[in-house]
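The values are calculated or read from the model by the stated rules, or taken from the named source; none is laboratory data. Fair warning: this is a prediction, and the values are worked out from it, not measured in the lab. Please note: Cβ atoms are built from the backbone with ideal geometry, for glycine as well, and neighbour counts cover all protein chains shown. For the accessible areas, the whole protein counts, side chains as well, though only heavy atoms, and no ligand, DNA or RNA atoms are used. Shrake-Rupley method; radii C 1.70, N 1.55, O 1.52, S 1.80 Å.
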Amino acid sequence: MRVNWVEQFLGDGWKVHPAGGATGEAYIAQQGEQTVFLKRNSSPFLAVLSAEGIVPKLLWTKRLENGDVVTAQKLIQGRELKAYEMKESRVAALLSKIHGSSELLDMFKRIGNEPLTPIVIVENLRRQLQLFHIEDETIEAGMKYLFDALEVVKHEHYVVCHCDINHNNWMLDEEDQLYLIDWDGATVSDPALDLGLLLYSYIPEHEWAAWLKQYGVKLDSSLHERMHWYVVSQSISVLLWHYGRQQYEEVEQLKMYIQSLLND
């Protein structure tokens with residue numbers, strides 16, 4: 001879906017340029033004063049996310065002859081959140097809204113999205129480690145911790161998790177409306193997955209209880225243990241992602257981070 005192809009698809013008068021991003025499937029298209037954000041094969045839940053005000057407004061969806069789907073959203077003239085702004089109550093409120101959305105959860109379930117449980121995560125990591133033939137003391141210690149804690153982190157309450165709550169995915173529009181974008185990696189899981197990644201990355205530990213109160217839950221030992229477990233598992237997953245790309249400096253940094261988590 002190169003730029004000239006997109007221009008042909010839209011018709012005369014449209015100017016298109018890539019919007020960046022990892023997939024290379026996102027574009028900004030402009031015709032006169034109308035500007036839209038286009039993406040091919042974006043999250044199938046975009047309509048629900050738009051209706052609930054979680055992402056910028058969905059304008060239209062078109063299915064192509066080859067089965068691909070192109071979506072057009074309102075292009076917001078805004079900015080990404082700064083790392084320090086992740087502490088704000090509106091971040092907690094929007095994440096709580098997402099995790100509490102029965103409409104979003106129902107849609108995920110309707111298309112057969114199975115929950116990403118701790119045992120599934122451990123098995124996925126094991127397979128990747130076997131594929132890469134990695135033998136490393138820190139990773140082995142991390143995997144042992146994940147396996148030994150499987151019973152402790154069992155949790156029956158599943159929600160739709162974004163799974164990539166980096167501050168770059170939180171957008172403020174020109175009217176100060178907050179959105180969470182880039183839903184391609186979302187899944188159904190324990191809310192501790194999102195909460196752990198956010199708190200460990202952005203919030204000092206002594207402020208966790210206050211932040212979680214704004215989100216709507218109490219910080220207890222169960223939530224703390226589950227968040228810790230998901231952060232360790234995600235750190236090993238990201239380490240393997242870098243290892244597969246031969247980015248060994250990042251691998252070593254993540255080893256040190258995992259070691260610090262295991263020493264907590």
With labels modelled as points extended 7 Å from the Cα through the Cβ direction, what inter-label distance (nm, one decimal) is found for LYS109 paired with ASN124?
2.1 nm
Compute, for ASP184, the solvent-accessible surface of its heavy atoms (probe 1.4 Å) with the complete set of protein chains present, and express it in square angstrom to the nearest 10.
80 Å²
Cα gyration tensor shape for the chain, rounded if a/c is under 1.5, else prolate or oblate:
prolate
Candidate cut points under trypsin sites (Lys or Arg not before Pro) in the stretch 196-244, DSSP loop plus at most 10 other Cβ atoms within 10 Å of their own Cβ, are LYS218
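So, with +1 on the Cβ of K and R and -1 on the Cβ of D and E, and no other charges, what is the size of the charge dipole of the stretch 71-192 about its Cα centre, to the nearest 20 debye? Intermediate values should be presented prior to the final figure.
Details: 12 positive and 22 negative charges, 48 e Å.
So the magnitude is around 220 debye.
Just to be sure I follow the definition: excluding the sites themselves, where is the longest run in the chain that has none of the GluC sites (Glu not before Pro) in a DSSP loop with at most 11 other Cβ atoms within 10 Å? Walk me through the numbers on the way to the answer.
Details: sites that count: GLU33, GLU65, GLU135, GLU151, GLU156, GLU174, GLU175.
It works out to 176-264.
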Pairwise label distance in nanometres, GLU52 with ASN169, each label 7 Å out on the Cα-Cβ vector
1.4 nm
With every protein chain kept in the model, how would you rank LYS39, LYS87, LYS15 by accessible area, 1.4 Å probe, largest at the top?
LYS15, LYS87, LYS39
Can you give the extra length, in nm with one decimal, that the chain gains between LEU262 and LYS213 once fully stretched, where that is 0.36 nm per residue apart less the Cα-Cα distance?
15.0 nm
Could you tell me the number of lysine pairs in the chain with C-alpha atoms less than 19 Å from each other, where the two lysines are 8 or more residues apart or belong to different chains?
18
Value of [θ]222 nm, deg cm²/dmol, for the chain, DSSP H segments ≥ 4, -39500 (n - 2.57) each, nearest 500:
-14000 deg cm²/dmol
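Take the alpha carbon gyration tensor of the stretch 12-83, find the square roots of its eigenvalues, order them as a ≥ b ≥ c, and report rounded if a/c is under 1.5; if not, report prolate when a/b exceeds b/c, else oblate.
Rounded shape, in that the Cα axes give a/c under 1.5.
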So for the stretch 157-199, Kirkwood radius off the Cα pairs, Stokes-Einstein at 37 °C and 0.692 mPa s: how many µm² s⁻¹?
296 µm²/s
Taking amide H atoms as placed 1.01 Å from N in the peptide plane, list the residues 5 or more away in sequence, or in a different chain, whose amide H sits under 5 Å from that of ILE28.
HIS17, ALA19, LEU38
Stretched out fully, how many nm does the piece from ARG245 to ARG40 gain, at 0.36 nm a residue minus the Cα gap?
71.3 nm
Once the dipole of the chain is set up with Lys and Arg at +1 and Asp and Glu at -1 on Cβ about the Cα centre, which of THR117, ILE76, TYR248 lies farthest towards its positive end?
ILE76
Please list, by residue number, everything in the stretch 24-40 whose backbone N is under 20 Å from a paramagnetic label point 7 Å out along Cα→Cβ of TRP60.
26-40
With the crude spin-label approximation of a point 7 Å out along Cα→Cβ, what separation in nm comes out for HIS157 versus ILE28?
4.0 nm
Gyration tensor (alpha-carbon) shape descriptor, the stretch 146-264, a/c threshold 1.5:
oblate
